[in-house]
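Below: one structure in structure tokens.
The values are calculated or read from the model by the stated rules, or taken from the named source; none is laboratory data. Please read these numbers as outputs of a predicted model, since none were measured by experiment. Cβ atoms come from the backbone with ideal geometry, glycine included; neighbour counts cover every protein chain shown.
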Amino acid sequence: MESRNPVFNRSGEFKSGGYATFNPPTPAASTIEDMYRAPSATSIDTNRMTLDDVVVRTSALFGALLLTAAPTYWLLKPEQYFFVLGAGLVGFVLAMVAQFKKVPSPPLMFAYALVEGVFVGGVSKVYVWFAGGSDIVIHAIVGTLCAFGTMLVLYKTGVVRNSPKFQKTLMIAGIGYLVFGLVHFLGVMFNAWSSIYSGGGLLPIALSLFGVVLASFFLVLDFDFVEQGIRNGIPKPYAWTAALGLVVTLVWLYLEILRLLAILRGDD
């Protein structure tokens, strides 16, 4: 069963029955006795990834993202908007390169976080210009944290589980949403049509709400595969891969919530 988050999708370490599920040779009786008498090994002794490792590295990447997002938000001018779009494109490429590497590369992931911070800060400022009021950014941040906490609770309590049917549904919805967003963006860029999200009415609200729900459910896949990675006893460096996957999904969720709030503010 594979995660639909591209960061985890190519990482066999995060799959059920992944890294640690091989067939070791049968140990001798003396070896078993020595293992029984030895003290229990900790994650430090085994150099295996723990939840704390994932939390610390996720926080580090978010810190790097905020390091560039904050000044971009405060210093950005309207004529610099295309610079923000360029940062978004570079951030996407860096994220893809990072997830295709077989060995986790923290410098590359930090580069992604710094560049993506420019994009997030710039987009946030643009929404403030059009929606009016910087409080929309605060509300989007709070909404992202609430969605993250809610999905984590639903996952840990078993209310929402990662099953083949659940994963297949998200895959179809995610691909469809991505294709729609790309086609819509290109059409607006080349003046083929006006943006759906600027027309008012229920359609842009429904589309944005769908994006928020979709991103929230992708968190369930991320939680599941981080848990699988810890259960499989993967090496500690892969905590960086887990952290990158969570950052990518949370940034997506934040942007979807920000757009939804901007649309609702415009309808007031």
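Of the residues in the stretch 184-198, how many are under 16 Å from Ala262 (Cβ atoms) and either loosely packed, with under 10 Cβ neighbours inside 10 Å or in contact with a Leu (Cβ under 8 Å, 6 or more places away or on another chain) (or both)?
2
In a helix (DSSP H, G or I), among the β-branched types (Val, Ile, Thr) and more than 19 Å from Leu261 (Cα to Cα), is that true of Ile136?
no
I'd like to know if the stretch 175-184 contains one or more residues that are assigned to a helix (DSSP H, G or I), among the hydrophobic types (A, V, I, L, M, F, W, C) and modelled with pLDDT under 90.
yes
Looking for something farther than 20 Å from Tyr238 by Cα and basic (Lys, Arg) - is there at least one such residue anywhere in the stretch 123-139?
Within the stretch 123-139, one or more residues are farther than 20 Å from Tyr238 by Cα and basic (Lys, Arg).
I would also like to ask the following. Which one of these is on the phi < 0 side of the Ramachandran plot and either at pLDDT 95 or above or in contact with a Cys (Cβ under 6 Å, 6 or more places away or on another chain) (or both): Ser194, Ser216, Ser198, Ser208?
Result: Ser216 is the single residue among Ser194, Ser216, Ser198, Ser208 that is on the phi < 0 side of the Ramachandran plot and either at pLDDT 95 or above or in contact with a Cys (Cβ under 6 Å, 6 or more places away or on another chain) (or both).
Can you tell me how many residues in the stretch 77-104 are within 19 Å of Trp129 (Cα to Cα) and loosely packed, with under 12 Cβ neighbours inside 10 Å?
Number satisfying all stated conditions: 4.
Also, quick follow-up: Cβ-Cβ distance below 8 Å, separation of 6 or more or different chains: which pairs start in the stretch 168-180 with a residue that is within 15 Å of Phe217 (Cα to Cα) and end on one that is modelled with pLDDT under 90 and not in a helix (DSSP H, G or I)?
Within 8 Å, the pairs are Leu170/Arg4; Met171/Arg4; Gly174/Arg4.
Is there a residue being closer than 30 Å to Asp224 by Cβ and at pLDDT below 50 anywhere in the stretch 27-40?
yes
Does at least one position in the stretch 204-222 carry a residue that is under 26 Å from Lys165 (Cα atoms) and not in a helix (DSSP H, G or I)?
No: zero hits.
I would also like to ask the following. Is one or more of the residues making up the stretch 83-94 part of a loop (DSSP other than H, G, I, E, B), modelled with pLDDT under 95 and over 30 Å from Gln228 (Cα atoms)?
There is no residue in the stretch 83-94 that is part of a loop (DSSP other than H, G, I, E, B), modelled with pLDDT under 95 and over 30 Å from Gln228 (Cα atoms).
Being touching a residue at least 60 places away in the same chain (Cβ under 8 Å) and farther than 18 Å from Ala140 by Cα narrows it down to one of Ala87, Ala98, so name that one.
Ala98
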